[in-house]
Structures are given as C-alpha cells and as structure tokens.
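K.L.:
Can you keep this structure in mind? I'll have questions shortly.
The values are calculated or read from the model by the stated rules, or taken from the named source; none is laboratory data. Keep in mind that this is a model prediction, so the values were computed, not measured. Counting neighbours? That spans all protein chains shown, and the Cβs are built from the backbone with ideal geometry, glycine included. Side chains included, ligands, DNA and RNA excluded: accessible areas come from the protein's heavy atoms. Shrake-Rupley method; radii C 1.70, N 1.55, O 1.52, S 1.80 Å.
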Amino acid sequence: MHGLRKKFVMTLSAAAVLVAVVGVYRAIHSPLFTVQVVEVTDQVSASQAAAVPADSSAQPWTPVDAQTITDLAAVPVGQSNLFDLDLARVEKRILSNEWVREVRLQKRFPQTLSITTVFKEPRAIIQLETGALSYVDQDGKVFGKVTLSGPKNLAFISSADSEDQGQLKSLLKLLSDWESSPVSKFARIESLSPDSGAESPGGATFKLMISYTLDSHLIHARVDLGRDVPFSQLTQVFDYLHSHRIAARQIFADAGKKIVVKTAHGS
C-alpha cells in the first residue's frame, strides 16, 4: 500500500512538472513575445559630436544609417520569438560592415530588440598601393573608402605600408601626441610619413608637413623629427615664429636638442 502511494505521488509530481514545462513553453512562444520592434541607435564619438556646431540642428555624421544596420541584422519582425533570437548571429551579421567596431544587443521584453552600434573612428587617411584612399582607425587598421561626406581635416599618411600595423600605430601615436601637446595650438599636422632613408640619434625619424596661420595666411612647412619628439622646444619655436611673423620653410628637429629652422624667402 505504501509503495503504491509513493508511485502515485511520483506520477502526480511528474505530471505537474510536465504541465508546468508545457505551460512555460507555450507562454514563451506565445505571440506576446514575437519581435515587433528593432530599435537602432549609435554611439557617437567625441570628435564626431564636436564636428557639429553647438547651435546647429544637424546630426553628427555617421557612416552607416539605421536602416542599413536593420537590414544587416536581418531580424524577421513579426515572425521571430524574442526568446529564440540568436544574438551571436545577429551581431556577426552587423559586424560584417567594415565601419562597425562594436555591437551591443539587448532584448527588451516583451517585443523589442535594441541594437547599439559603435563605429570605427578615422584618425587619418592613407593611400593604398592601388591608389585608392582609405581611412586608418586608432588601432592602425585600414578600412573603408574616403568619401566627400566623410570626416574632414584628417591628416594624410604617405609612404607607409598599409599592412604594417606597427608602423601605422607609431605614426598615429605621433599624431596623437602632437594633438595633445601645446604645439598643437600653433600648428597642425597635414601629412606625415616614416623616413625610411635616415636614422637620427633617437631612432627612426618621421617627416611631417605642418601648417600654421601667420597674418591670416596659411603657412606650410616641412618638419623632420626623431623618435623622441621635443614638443616643448617645438612649442617655443612656433611661438617665436608666430610672434615675430616668420614664415618657416623647413624645421629640423631630429638631431638631439638643437632645432634648425630654414625660413621662406622674404620672411
């Protein structure tokens, strides 16, 4: 009698579990959780946001619009269940676009998939062996095609191997260091390249083409740099050139502490 009662209780418990499982399965796969909305937003970088004037109603430039991201995600709205949605596959499809650096996906119950895209930020432009112009991101990776609607005023990298990330990273570091130093208040880098034909006491050298404003005129000058860039001395040099209205033609800062300036004719 005791054994029969035990079997009955076990059977009843199994039936209850089965009913619960079936109930949960039906609830999960009910139309209540069918994807009806795919929401796309993007994370704008600081430089992209700064490119839009504060009093402007224009939106920051983005390389891939929301509709393209939605198409890449390829989520069957009205057909796919939010619980069954394979986020890894959705992420992989979106990352196939070379402008997308990162994807953040979130299921927002009961019926919404939220997609946030983080785009690569171009730091410079490089000319490929084919002659085409592409962007270089902060990681030294070459991607995309340069367009008129893209970012403006990017430095141009020349005479560099587009497949050598180490070389590109060293050039980008120089660019970043220049932009974060006091010398950037006086001059900006227009183009930069590795100097494969010379070695300075500090190591491999770089060649730059910089520009600075003098009496409303834009002055261009070539700058030769060693590996250890003397930013404080360069700042003093450009301050002197600016205050004395001197147009420089070439600046040599690749031979230790001494900086030599060749002036333009008539300056």
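K.L.:
Test Val136 against the criterion of being within 26 Å of Ala253 (Cβ to Cβ), of a type in the set (Val, Ile, Thr), open to solvent by less than 70 Å² (accessible area, probe 1.4 Å) and touching a residue at least 40 places away in the same chain (Cβ under 8 Å), and give yes or no.
P.N.:
No; evaluated as a whole, the condition is false for this residue.
K.L.:
Here is a follow-up. Take Lys107 and decide whether it is more than 29 Å from Arg188 (Cβ to Cβ), open to solvent by less than 70 Å² (accessible area, probe 1.4 Å) and among the charged types (D, E, K, R).
P.N.:
Yes, satisfied.
K.L.:
Can we say Gln138 is over 25 Å from Ser193 (Cα atoms) and not aliphatic (A, V, I, L, M)?
P.N.:
Taking the combined requirement at face value, the residue does not satisfy it.
K.L.:
Could you tell me which numbered condition Leu133 fails, if it satisfies all but one of (1) in contact with a strand residue (DSSP E or B) (Cβ under 6 Å, 6 or more places away or on another chain); (2) of a type outside the set (Lys, Arg); (3) under 20 Å from Thr70 (Cβ atoms)?
P.N.:
(3)
K.L.:
Still on this structure, I have one more. Among the residues of the stretch 160-177, write down those that are open to solvent by 30 Å² or more (accessible area, probe 1.4 Å) and over 28 Å from Ile246 (Cα atoms).
P.N.:
Asp161, Glu163, Asp164, Gln165, Gly166, Gln167, Lys169, Ser170, Lys173
K.L.:
Please go through the stretch 119-136 and give me each residue that is in a strand (DSSP E or B) and charged (D, E, K, R), ordered by number.
P.N.:
Within the stretch 119-136, Arg123 is the sole residue that qualifies.
K.L.:
Here's another thing I want to ask about it. Answer yes or no as to whether Thr70 is β-branched (Val, Ile, Thr), over 15 Å from the mean Cα position of the chain (by Cα), part of a loop (DSSP other than H, G, I, E, B) and surrounded by fewer than 18 Cβ atoms within 10 Å (Cβ to Cβ).
P.N.:
Taking the combined requirement at face value, the residue does not satisfy it.
Residue-wise test of (1) over 29 Å from the mean Cα position of the chain (by Cα); (2) open to solvent by 30 Å² or more (accessible area, probe 1.4 Å).
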| residue | (1), (2) |
| --- | --- |
| Arg222 | no, yes |
| Gly226 | no, no |
| Gln233 | yes, yes |
| Gln236 | yes, yes |
| His244 | yes, yes |
| Ala253 | yes, no |
| Lys258 | yes, yes |
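K.L.:
Next question, about the same structure. In the list Ser216, Ser114, Ser180, which residue meets the criterion of being open to solvent by less than 50 Å² (accessible area, probe 1.4 Å), of a type in the set (Ser, Thr, Tyr) and over 17 Å from the mean Cα position of the chain (by Cα)?
P.N.:
Unique residue meeting the criteria: Ser114.
K.L.:
Now for a different question. Quick one: count up the residues across the stretch 73-93 that are more than 28 Å from Lys145 (Cα to Cα) and either open to solvent by 60 Å² or more (accessible area, probe 1.4 Å) or part of a helix (DSSP H, G or I) (or both).
P.N.:
Looking only at that region, the number is 6.
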